[in-house]
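Here's the structure we're looking at; comments come further down.
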Amino acid sequence: SSGINAEWPLRPGGMFSFLKNINLSTQQTITSEYLEPVLDKLKEHLTSKNVASEISEQLCSSLESSLVGKSYSTFTGLSATAKSALSESLTKILSPKRRVNVLRDVMDAKSKGRPYVITFCGVNGVGKSTNLAKVCFWLLDNGYRVLVVGGDTFRAGAVEQLRTHVTRLSVLYPNEQVQLYERGYGKDPAGLAYEAIKYARERRYDVVLVDTAGRMQDNEPLMRALSKLVALNKPDLTLFVGEALVGNEAVDQLVKFNQSLIDNSHSAEAGTKSVIDGILLTKFDCIDDKVGAAISMTYITGQPIVFVGTGQQYPDLKSLNVKSVVSALLR
């Protein structure tokens, strides 16, 4: 399977074989001129793996500063230094300062007598509902009661799609472990989420999962509505659902979503800064070693990838294996 821990085949010579272009006939001090053609090759390599161009530039300049001025007499020495420097940079990007531990935070909220609230947002067609259902399955599997909220009151069929998931999940987890809260279409999603959270508190649900309408990042009225929902309900986690398949485009979506949430939150409620604070990366099983979107999204927001979707079934949700992503990028 091409699961998240799958090892990708090594290409002959590996990624650093192009360092052989540097002639190391004698003990050689590396200069920027020496490195220029090599770094161009590296940029090309990273871009081919879906790393956004701005980030490839940054990685190359940090590699340059760790090599320039040092002396090497063998290709192996130079290659090892380059590999460990790049590997360190990539690992650092993929391990943001903020770690999200959902299960621990759910327990914490529960001990305070309130439900833990996750809002799912993203552009149209990235599989928000399906991945919300996977997160729901995972929470149920960990023994929590979940209320799913039909907050996409905009797209025809959205509530029915959620109902199908909840019906399937309640067969696996009966006795009101999971329930759908919906009020049809045309309602204000912020008010609907507010009522749902209150309902969850009264009925002792542990987690509330709020679905929202897919929206393009430049649709201002819909972005305002999302900001209002976040500002009014202050979810514990706002997850951006994005596809691992798209490189620079997903980054653009994410930047604009985040910026729009910040811009609109001021008008929604003074002093609250709503931002995306975690990422769910879908279709991670379809990308082979083109894992660059993971790097790009984390780099841009400084927020962790909380989950990756690795298939069509409910259990196909994993946490990000940073080591395997880095090794895939270095091949």
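Beyond 20 Å in Cα-Cα separation lie the following of the pairs Lys198/Lys228; Lys110/Lys234; Lys112/Lys187; Lys43/Lys83; Lys97/Lys134; Lys83/Lys323: Lys112/Lys187; Lys97/Lys134.
Heavy-atom surface analysis with a 1.4 Å probe gives region 86-171 a carbon and sulfur content of 52 percent of its accessible area.
Between Glu176 and Thr76, the modelled label-to-label distance comes to 6.9 nm, taking each label 7 Å out from Cα in the direction of the beta carbon. Panel note: the C-alpha atoms of the chain, placed on their principal axes, show extents of 75, 42, 37 Å (largest first). Under 16 Å of direct C-alpha separation, and excluding same-chain neighbours fewer than eight residues apart, Lys128 reaches these lysines: Lys283, Lys318.
The antiparallel fraction among DSSP beta bridges confined to the chain stands at about 15%. Each residue, Ala109 and Glu202, gets one label point 7 Å from its Cα in the Cβ direction; the gap between the two is 1.9 nm.
Relative to the globular-protein estimate of 2.2 N^0.38 Å, the Cα radius of gyration of region 50-153 stands at 1.71.
Inter-label distance, Thr167 to Glu57: 5.2 nm, where each label sits 7 Å from its Cα along the C-beta direction.
Assuming a ≥ b ≥ c are the square roots of the Cα gyration tensor eigenvalues, decide whether region 133-291 counts as rounded (a/c under 1.5), prolate (otherwise, with a/b larger than b/c) or oblate. In terms of gyration-tensor shape, oblate.
R0 = 22 Å: FRET efficiency of Ser48 with Lys83, Cβ-based, nearest 0.05?
The value I calculate is 0.80.
In the full protein context, the chain carries 45 Å² of accessible surface per residue, based on a 1.4 Å probe and ignoring ligands, DNA and RNA.
Extension gain for the segment Lys256 to Lys92, taken as residue separation times 0.36 nm less the Cα-Cα distance, is 56.7 nm to one decimal.
As a length-normalised measure over Cα pairs under 8 Å and 6 or more apart, the relative contact order of region 172-257 settles at 30 percent. Between Ser170, Phe75, Ala193, the Cα set farthest toward the positive side of the dipole of the chain (charges on each charged residue's Cβ, about the Cα centre) is that of Ser170. For the chain, the relative contact order works out to 24 percent when only alpha carbon pairs closer than 8 Å and six or more residues apart are counted.
The values are calculated or read from the model by the stated rules, or taken from the named source; none is laboratory data. Only a predicted model underlies this, so the values are computations on that prediction, with no experimental measurement involved. Positions of Cβ are generated from backbone atoms using ideal geometry, with glycine treated the same way; all protein chains shown enter the neighbour counts. These area figures cover heavy atoms from the full protein model, side chains too; ligands, DNA and RNA do not enter into them. Shrake-Rupley method; radii C 1.70, N 1.55, O 1.52, S 1.80 Å.
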